[in-house]
Amino acid sequence: MKVILLENLAKIGSIGEIIDVKRGFARNYLISNKKALYASKENIKEVEKIKTELNKKDQEKKKMLNRYTKP
């Protein structure tokens with residue numbers, strides 16, 4: 001079963017990765033503990049939107065830091 005990770009998990013993957021795991025592990029652990037979502041087309045699009053928003057915010061923070069740290 002393919003799932004999209006919502007958290008960084010050691011030895012499994014990082015946020016936004018689409019991984020293939022056994023069905024029981026996905027249902028009983030990852031999805032029930034809200035650590036992952038089913039990898040449907042809608043969920044993939046939603047995660048991509050979130051990732052782009054986070055990247056934009058991160059870039060803005062870096063620009064602000066560069067303005068204050070440069071002499």
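Values in this text are rule-based calculations from the coordinates and carry no lab data. These numbers come from a predicted model, not from an experiment. Don't worry about glycine lacking a Cβ; one is built from the backbone with ideal geometry, like all the others, and counts go over all protein chains shown.
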| Candidates LEU54, LEU30, LEU37 - the one that is surrounded by 12 or more Cβ atoms within 10 Å (Cβ to Cβ) and part of a strand (DSSP E or B) | LEU37
| field | Every residue from segment 29-70 that is among the β-branched types (Val, Ile, Thr) and closer than 23 Å to LYS11 by Cα | value | ILE31, ILE44, VAL47
| query | List, please: which pairs have Cβ atoms under 7 Å, are six or more places apart or on different chains, and start with a residue in segment 31-43 that is under 11 Å from LEU5 (Cβ atoms) and end with one that is of a type in the set (S, T, N, Q)? | reply | LEU37/ASN43
